[in-house]
Amino acid sequence: MSTRPGAPLTVEAPVPVRGGDRITLLGHDRPLNWRVRGSSLVIDVPVAARSTGRHAWVFRIAWSG
């Protein structure tokens, strides 16, 4: 059984992301809102984005600089 990402998805691991970077989800046509809280990356995953994947959800970080 697969589990869809939660509305806010929290990644509790070091992620090299900076202000101005874009995070997208494969199959979803809009960038996702995100923030760093403490040492965690928190990605807001709207309902439309959560319904794109069936077996895997792939997030991409496009660095701005």
Checklist entry - Does Arg35 satisfy the condition of being more than 11 Å from the chain's Cα centre (by Cα), open to solvent by 90 Å² or more (accessible area, probe 1.4 Å) and basic (Lys, Arg)? => result no
Checklist entry - Can you tell me which residues in segment 32-50 are on the phi < 0 side of the Ramachandran plot and out of contact with any Leu (no Cβ under 9 Å at 6 or more places or on another chain)? => result Asn33, Val36, Arg37, Ser39, Ser40, Val47, Ala48
Checklist entry - Among the residues of segment 49-64, how many are among the small types (Gly, Ala, Ser) and more than 12 Å from Leu26 (Cα to Cα)? => result 2
Checklist entry - So which residues in segment 3-32 are open to solvent by 60 Å² or more (accessible area, probe 1.4 Å) and of a type in the set (S, T, N, Q), if there are any at all? => result Thr3
Next on the checklist: Quick check on my filter: what residues within segment 47-58 are within 13 Å of Ile23 (Cβ to Cβ) and open to solvent by 60 Å² or more (accessible area, probe 1.4 Å)?
Outcome noted: Val58
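The values are calculated or read from the model by the stated rules, or taken from the named source; none is laboratory data. Computed from a predicted structure; not experimentally measured. Here the Cβ is made from the backbone with ideal geometry for all residues, glycine too, and neighbour counts use every protein chain on show. Remember, those area values only see protein heavy atoms, side chains included, never the ligands or the DNA or RNA. Shrake-Rupley method; radii C 1.70, N 1.55, O 1.52, S 1.80 Å.
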